[in-house]
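A short reminder: the numbers here are calculations on the coordinates, not readings from a lab. Quick caveat, the model's predicted, so the values are computed rather than measured. Here the Cβ positions follow ideal geometry from the backbone for every residue, glycine too, while neighbour counts run over all protein chains shown.
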Amino acid sequence: MDLRQMEYLVTLADEQQFTRAAAVCGVSQSGLSAAIRSLEDELGTPLFDRTTRRVEPTDAGRALLPHARTMLAQAGAARDAVLRAAHELTGSLRIGAEQCLGFVDVGTLLERIRRRHPFVDLDFTQAGSRDLVARVRDGDVDLAFVAGTDVPARMSRTELGRRPLVLLLPPGHPLAGASPVDWTDLRDLDFVDFQESWAVRAVNDAACAERGVARRVRCTVNDVHTLLDLVHRDLGVALVPQHIAAKPQAAGLVVRPLPASAPQWVVSLVAGDASAASASLVLELLDADLALSA
């Protein structure tokens, strides 16, 4: 048993679905399934009952869960103790993030910074990736979690992960059938999309323009859940990163893969001055968390 398997076990028990659990953990569904099967083989007993609708822990799984949570908590406490001993920080730390990026739980990261370093004055800003890159460039934000790869050369960028874009459709839409979706099928459709400061809007606009797809953005939103609600109401289709299609609010929508030539959703951490002590702290915290889940 290892910490990665314990993380997957706890997340699957909480989410009760392999797709959502894989999205939360930032891994493929096949990778999470394989890790759970390996743990079950090691222990010699099934840990989950699998149905077409949900996944629930068996008696053995429920017996293991509190120990798994304890192992993860102790690992986090151990990292906290080491980092506290290595860093006694004061001052301010300004962090930004776009909503629902995937690959990093920003709320948990902020909580850990506050718990480990209570004397650090922490400021958090949520905005679109384009705005956040500009704020980091101008020195108004120290670090930002953003999507996309287009950042000024003097800024540092650490890529956290990639996922494909998918097409979200309301039930009954003509493209909801089994036939593969081609870029030509998207021409002249009504779309729901994000405001232009969001990275996914720039990715969608560029991808469609490069392939000669003229689309009508009928509804422009600034919130992931609003986008999903409007697609549910048949006000348009949407191009979104795969992890958004796995959110509970997307249940009931039809998810169709795009052609292999579709661009990917890339999430990165960008910094204006990676040598600053506060910026280095966040990079260490992030490296520790990624090492735990690798």
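Given the peptides 92-103, 34-45, arrange them by the average over their residues of other C-beta atoms within 10 Å, most packed first. Working shown, then result.
On the way: 92-103: 20.6, 34-45: 14.3.
My ranking of the peptides, most packed first, is 92-103, 34-45.
Rounded if a/c is under 1.5, else prolate if a/b beats b/c, else oblate: with a ≥ b ≥ c from the C-alpha gyration tensor eigenvalues square-rooted, which is the stretch 163-208? Prolate.
What does the extension gain come out to for Asp190 and Ala34, with contour length at 0.36 nm per residue minus their alpha carbon separation?
Details: separation 156, 0.36 × 156 = 56.16 nm, distance 3.91 nm.
That pair, Asp190 and Ala34, stretches by 52.2 nm at full extension.
Taking amide H atoms as placed 1.01 Å from N in the peptide plane, the amide H of Thr58 lies under 5 Å from those of Phe48, Asp49, each 5 or more residues away in sequence or on another chain. Per q in 0.06, 0.07, 0.08 Å⁻¹, report the Debye log10 I(q)/I(0) for the chain, using one uniform scatterer on each alpha carbon and no solvent. Evaluating at q = 0.06, 0.07, 0.08 Å⁻¹ gives log10 I(q)/I(0) of -0.23, -0.31, -0.40. Each Lys and Arg contributes +1 and each Asp and Glu -1, all at the Cβ; summed about the Cα centre of the stretch 112-263, the dipole is approximately 460 debye.
List the equivalent ellipsoid semi-axes of the stretch 163-266 in whole Å, largest first, each obtained as the square root of 5λ for an eigenvalue λ of the Cα gyration tensor.
Working: eigenvalues 59, 53, 37 Å².
Working through the eigenvalues yields semi-axes of 17, 16, 14 Å.
Mind giving me the FRET efficiency for Asp182 and Asp121? R0 is 51 Å, r the Cβ-Cβ distance, nearest 0.05 is fine. E between Asp182 and Asp121, to the nearest 0.05, is 0.45.
Order of 167-176, 151-160 by packing, highest average Cβ count within 10 Å first?
Ranked by mean Cβ neighbours within 10 Å, highest first: 167-176, 151-160.
Distant-in-sequence amide contacts of Leu160, defined by a placed amide H-H separation under 5 Å and a gap of 5 or more residues or a different chain, comprise Val267, Ser268, Leu269.
Packing, taken as the mean count of other beta carbons within 10 Å per residue, orders the peptides 118-126, 190-198 from highest to lowest as 190-198, 118-126. Taking every C-alpha pair closer than 8 Å and separated by at least 6 residues, the mean separation divided by the residue count of the stretch 134-263 gives a relative contact order of 37 percent.
Quick one: putting +1 on the C-beta of Lys and Arg, -1 on the C-beta of Asp and Glu, what dipole do you get for the chain around its Cα centre, in Debye to the nearest 20? Walk me through the numbers on the way to the answer.
Numbers: 31 positive and 38 negative charges, 60 e Å.
The dipole magnitude comes to about 280 debye.
Normalised by the number of residues in the stretch 29-185, the mean separation of alpha-carbon contacts (under 8 Å, six or more apart) gives a relative contact order of 17 percent.
Using the Cβ-Cβ distance between Leu43 and Lys247 with R0 = 30 Å, the FRET efficiency computed as 1/(1 + (r/R0)^6) comes to roughly 0.45. With helices as the sole contributors, the chain gives -13500 deg cm²/dmol at 222 nm; each DSSP H run of n ≥ 4 counts as -39500 (n - 2.57), and the sum is divided by every residue. What the Cβ-Cβ distance of Gln74 and Asp105 gives, at R0 = 22 Å and to the nearest 0.05, is a FRET efficiency of 0.70. Length gained on full extension, Leu235 to Asp2, computed as 0.36 nm times the residue gap minus the Cα-Cα distance: 79.3 nm. Here the gap between Asp205 and Ala134, fully extended at 0.36 nm per residue and compared with their Cα-Cα distance, gives a gain of 23.6 nm.
The H on the amide N of Gln195, modeled in the peptide plane, is under 5 Å from the matching H of Val221, each at least 5 residues off or on a different chain. Each Cα pair under 8 Å and six or more residues apart adds its sequence gap; the mean of these over the residue count of the chain is a relative contact order of 22 percent.
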